[in-house]
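Student: Take this structure, written in structure tokens, and hold onto it; I'll ask about it next.
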């Protein structure tokens with residue numbers, strides 16, 4: 001049995017039947033990481049010692065008869081984007097500022113995962129502070145796309161998607177502020193969920209832009225993602241923006257019939273600028289949905305074009321404030337250690353919040369944000385979910401867009417709107433380009449519609465084989 | 001030339017909630033070992049998030065209600081961005097354009113109204129300790145960082161970081177330092193009545209920042225009489241009512257002298273130097289900070305319903321002014337008596353309890369008031385019932401006034417030589433006379449009273 005290819009449910013089954021131990025499982029992944037990380041640069045920190053200790057502990061519990069009902073992820077290795085605070089395990093947010101920072105506490109998401117028995121393998125690479133769409137802005141060097149090492153894996157959670165595609169982990173926790181889970185998922189042919197703002201606690205995750213940051217699961221298929229969400233979702237007394245809404249059982253409701261489901265197609269997403277291969281892939285996906293009885297509805301999101309400007313004003317404003325704490329007094333390295341992109345966004349945000357410019361930039365962006373929310377509310381009167389591309393272009397080459405920041409920002413044109421509206425969106429693979437690079441799509445729903453999105457995604461996944469395809473490494 | 005001072009005031013009051021404003025750490029930092037009341041939130045560690053303290057918000061609103069403010073049905077927190085080593089997040093969570101309370105007033109004894117512009121909630125900063133010489137501080141053994149300058153360095157104690165602060169801002173309605181001090185005493189009394197702060201100046205529970213400017217009296221008669229001066233000077237670092245008075249008086253004089261010379265004082269922040277009783281320039285308008293306020297995205301907006309407002313109102317105890325008026329009306333006290341008896345809730349409650357018990361013994365409220373105010377007995381160590389008992393006892397022991405008069409006259413007549421000696425300045429003779437009277441009354445009566453009566457009697461004769 002090839003242990004590194006397992007999904008969560010397969011791994012659980014094997015552990016239950018004692019076909020292998022949590023230690024064996026963990027060792028297999030650690031070995032795989034050792035082998036592939038030098039090429040991919042997907043992990044910033046591998047915590048081998050801690051992982052093996054946790055694995056031994058899990059084996060002990062399994063031997064003592066601990067159940068997966070009590071600890072649903074018992075013995076399952078995973079990894080996290082390096083923005084989650086992990087007690088005494090280095091947490092850098094991809095920035096040299098925090099090169100030597102050992103958090104004295106755990107992020108709520110991480111605490112929930114270890115409480116449910118999961119084993120942390122390490123912390124994955126990302127654009128520093130989440131600022132980027134290619135992972136090239138990591139101060140620890142770029143991550144390579146496992147499907148072609150000359151290409152970027154997307155960003156900012158590029159390491160997260162890369163380790164999934166390369167079978168260096170079973171599941172991942174990413175973070176999505178403007179597309180950071182969905183773009184890498186699309187670029188690496190993995191599944192990623194940007195949750196409703198407030199569905200998963202942000203406590204302990206290093207902030208990029210507080211009103212947009214969404215913590216979310218990433219996996220090799222939809223049912224894994226559903227299972228992880230059931231563990232990490234829920235209100236948190238440490239996060240005032242977390243929702244008190246009860247957590248649903250996301251796994252048991254997959255496989256619901258989608259006959260009559262109204263799928264909205266936003267005309268603005270399919271106009272100029274969309275790569276034709278991506279357009280074709282989405283159309284083929286639509287065909288599958290139609291065959292399953294779904295109804296296609298034309299909708300409009302009139303403020304689509306304003307998304308990027310609105311996003312960059314709000315996100316930069318918030319990040320300029322969130323990054324103020326790295327003032328050189330406590331974390332070892334001073335503000336000189338900020339990379340180019342962080343400096344750019346700090347300056348942009350500081351400017352947008354300055355007196356005399358606030359109304360014109362920050363406040364105006366907030367008003368447009370309301371309009372974008374209204375766009376979605378109106379759209380969801382006509383349909384239950386929206387189907388859209390994740391990005392207008394397929395994965396691009398390392399270095400290709402570094403010189404043209406505006407081009408780089410435009411990669412997020414279809415994703416930022418969802419963060420601005422605070423709604424959930426599930427990204428999953430829907431094909432490959434002629435060059436053999438992954439293409440992804442996103443299924444967007446109204447607030448707290450994760451259950452429905454996962455079901456729709458699962459229905460599609462069952463009808464296709466994309467999730468079974470693996471890069472040659 | 002004559003000038004009229006225009007003074008406004010910002011007061012920070014630290015609340016005595018159990019926990020800090022945005023985390024569960026103890027807010028009681030006074031005299032604690034540095035950096036022992038800390039957590040990721042009040043240290044501003046990466047990823048930590050603020051969760052507002054409901055109790056603090058309620059108390060802030062109660063202060064607002066006690067100052068006759070309007071409560072905002074919709075409010076929010078904002079970030080005030082600036083760099084300072086005592087500010088771990090690089091911003092302070094405060095309130096900008098929608099404070100919890102606004103448009104209140106405090107009425108001074110002269111019936112003058114001092115407008116309250118706003119009452120808002122924010123968090124305190126950490127405390128910096130600037131050290132001179134390595135010997136002042138014993139670094140923990142595990143300290144590995146190098147201290148490059150062993151003579152001069154600063155330490156940060158985060159125990160105070162995130163302690164709830166309420167800021168109360170007035171209109172520029174004060175015309176002199178006496179009004180400011182009266183206002184401050186009233187404000188201090190109110191927050192103590194509400195039992196939301198110790199309001200102890202020495203411990204930094206209450207911090208004062210007056211802003212002062214002056215305008216020419218002659219201008220007042222013209223049409224622009226209500227126009228404020230084009231500048232104002234804010235004075236910081238004041239930690240007592242006495243110093244606020246001195247600082248304001250100093251500024252009025254300094255600014256007046258500048259205007260006399262035809263100069264306009266500059267808009268600036270000055271610090272009060274209590275050693276030399278003067279103010280010193282700290283920062284001018286050109287260096288003023290742009291705080292880049294924006295809504296705190298980590299805390300959702302905060303609303304309050306009418307029923308929640310009524311609930312808060314019901315929690316507000318009778319405040320000093322109401323109490324004073326009731327004491328005058330119900331107990332027939334004089335204004336000055338009532339004023340003294342409402343100084344604290346403890347005194348007022350003691351008085352009312354004693355009045356209740358005294359009634360059963362036919363003792364007047366005014367008698368209790370007198371004995372408490374004149375401090376003829378140390379009532380602070382007694383129970384109200386014990387005070388009443390003492391009054392009842394002393395009444396019983398009181399001689400009928402006429403009888404005492406007669407005894408005194410008799411003794412003065414009898415002890416002529418002692419009287420002569422006393423009049424020549426021999427003070428011991430008075431004690432001899434008192435002793436003689438006491439012997440006659442067989443110990444009854446108050447020696448002080450007897451002494452007083454003898455002096456009066458001798459005065460009549462000469």
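Student: Restricting the calculation to Cα positions, tell me the Rg (one decimal) and the Dmax (whole number) of region B:292-394 in Å.
Tutor: 20.4, 69
Student: Right, another one. Give me the inter-chain shielding for A:209-215: mean count of other chain Cβ atoms within 10 Å, whole number please.
Tutor: 2
Student: Taking the highest mean first, how do the peptides B:107-118, A:45-56, B:152-163, B:258-269 order by number of other beta carbon atoms within 10 angstrom per residue?
Tutor: With the highest mean Cβ count within 10 Å placed first, the list reads B:152-163, A:45-56, B:107-118, B:258-269.
Student: Moving on to the next point. How are the alpha carbon pair distances in the protein assembly as shown distributed across 20 Å bins from zero to the largest one, expressed in percent?
Tutor: In whole percents, the pair-distance histogram is 12, 34, 27, 16, 7, 3, 0.
Student: Need the C-alpha centroid separation for region B:176-212 versus region A:374-413, integer Å.
Tutor: 56 Å
Student: So, one more: Please report the relative contact order for chain B, taking Cα pairs under 8 Å with a sequence separation of at least 6, and give it as a percent rounded to a whole number.
Tutor: 16 percent
Student: Would you compute, from DSSP H runs of 4+ residues alone, the mean residue ellipticity of the protein assembly as shown at 222 nm, taking -39500 (n - 2.57) per run and dividing by the full residue count, rounded to the nearest 500?
Tutor: After summing the helix terms and dividing by the residues of the protein assembly as shown, the value is -11500 deg cm²/dmol.
Student: A follow-up question, please. Rounded to the nearest 10 degrees, what's the angle between the helix B:320-331 long axis and the longest principal axis of chain B, both from Cα atoms, 0 to 90?
Tutor: Computed tilt is about 20 degrees.
Student: Ranking request for peptides A:249-259, A:347-357: highest mean number of other beta-carbon atoms within 10 Å first, then the rest in descending order.
Tutor: The peptides rank, most packed first, as A:347-357, A:249-259.
Student: Could you state the principal axis extents of the C-alpha atoms in chain A, from the largest down, to the nearest angstrom?
Tutor: Rounded to whole Å, the extents work out to 62, 60, 45 Å.
Student: For chain B, what is the Kirkwood estimate of the hydrodynamic radius, computed as the reciprocal of the mean inverse distance between distinct Cα atoms, to one decimal in Å?
Tutor: 26.8 Å is the Kirkwood radius here.
Student: Based only on other Cβ atoms within 10 Å, what is the fewest-to-most ordering of B:32, A:310, B:170?
Tutor: Result, fewest neighbours first: B:32, A:310, B:170.
Student: Okay, next question. Rounded to a whole number of µm²/s, how large is the Stokes-Einstein D of region B:1-139 at 20 °C and 1.002 mPa s, given Rh as the Kirkwood radius over C-alpha pairs?
Tutor: Roughly 122 µm²/s, to the nearest whole number.
Student: Given axes a ≥ b ≥ c from the Cα gyration tensor, I'd like to know whether region B:401-461 is rounded (a/c under 1.5), prolate (a/b larger than b/c) or oblate.
Tutor: Prolate is the answer for region B:401-461, as a/c is 1.5 or above and a/b outweighs b/c.
Student: Still on this model: Determine the shielding of peptide A:269-282 by partner chains: average, over its residues, the number of Cβ atoms on other chains within 10 angstrom of each Cβ.
Tutor: Counting other chains' Cβ atoms within 10 Å and averaging over A:269-282 gives 0.
Student: Distance from the Cα centre of region A:37-90 to that of region A:139-184, in angstrom?
Tutor: So the two Cα centres are separated by 19 Å.
Student: Something else: Taking the Cα atoms of region A:254-374 alone, what are Rg (to one decimal) and Dmax (as a whole number) in Å?
Tutor: Cα only, region A:254-374: 21.0, 61 Å (Rg, Dmax).
Student: Peptide A:88-95: average number of partner chain Cβ atoms within 10 Å per residue?
Tutor: Mean shielding count: 1.
Student: Separate question: Roughly speaking, what is the centre-to-centre gap between region A:234-265 and region B:32-107 when only Cα atoms are used, to the nearest Å?
Tutor: Going from one Cα centre to the other spans 34 Å.
Student: What order, most packed first, do the peptides A:262-270, A:78-86 have when packing is the mean number of other Cβ atoms within 10 Å of each residue?
Tutor: A:78-86, A:262-270
Student: Quick check on region A:142-261: take the gyration tensor over C-alpha atoms, sort the square-rooted eigenvalues as a ≥ b ≥ c, and tell me if it's rounded (a/c under 1.5), prolate or oblate.
Tutor: Here region A:142-261 falls in the oblate category.
Values in this text are rule-based calculations from the coordinates and carry no lab data. Quick caveat: nothing in here was measured; it's all calculated off a predicted structure. Counting neighbours? That spans all protein chains shown, and the Cβs are built from the backbone with ideal geometry, glycine included.
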